[in-house]
Amino acid sequence: MAKTSRRIEQINDFLRNEIANLIQEERDELRLKLVSVTEVQTSPDLRHARVYISTLGGEKERDAAVETLRRHARHLRHLLAPRITFRSVPELDFRADASLETGAAVLRALSGVEHEREINPPRIEDEPLPEPEQKTNPRARKRRTED
């Protein structure tokens, strides 16, 4: 992943807040329930913006919200125009953010491992002892072996 400049990061944060406010204001018209804008990634020329959203509920609700926002992207872009001072208003590309579900799955897996360790704790005598590493001094002179 390419490192973004500080300016682009500031613009991404600004757009995330503004788009979240727009969605909140237009929520009744869009017929959306609770939608969170988790991240915005803009192109370096600020012409395109990927907007990642998350919703409460499952995958079905998230996909429905993404589809609704994609249908209304032009309208939201029009409402966003007076709020920004960029040369051009970026095209909005709404995408589902599954990071919350992924994080929850990882936590469930870790919880399962922890539960398994409580039931069957590892026995120390079953594990082999690690062999100590032989460290060499990098500054030491190499000894010449006689042939």
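Tabulated results
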| quantity | calculated |
| --- | --- |
| Angle between the chain longest axis and helix 6-25 axis [Cα atoms, degrees, rounded to 10] | 50 degrees |
| Cleavage-rule hits (trypsin sites (Lys or Arg not before Pro)) in the range 1-97: DSSP loop, at most 12 neighbouring Cβ within 10 angstrom | Lys3, Arg31, Lys33, Arg87 |
| Inter-label distance, nm, simple model (7 Å from Cα along the C-beta direction), Glu131/Glu26 | 6.6 nm |
| Degrees between helix 59-71 axis and first principal axis of the chain (Cα, 0 to 90, nearest 10) | 50 degrees |
| Under 15 Å, Cβ to Cβ, from Ala81 - net charge with Lys/Arg +1 and Asp/Glu -1 | +1 |
| Residue of Glu18, Glu101, Glu114 that the Gaussian network model of the chain assigns the largest fluctuation, springs spanning Cα pairs under 10 Å | Glu114 |
| Percent of beta bridges antiparallel (DSSP, the chain, rounded to nearest 5) | 55 percent |
| Chain lengthening between Glu9 and Arg139 when straightened (0.36 nm per residue, less Cα-Cα) | 42.2 nm |
| Rg over Rh, two decimals, the range 1-96 (C-alpha only, Kirkwood Rh) | 0.96 |
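Any read-out appearing in this document is the output of simple, stated calculations on the displayed coordinates, not a laboratory observation. All of these numbers come straight from a predicted model, not from anything done at the bench. Cβ sites come from the backbone with ideal geometry, for glycine too, and all protein chains shown count toward neighbours.
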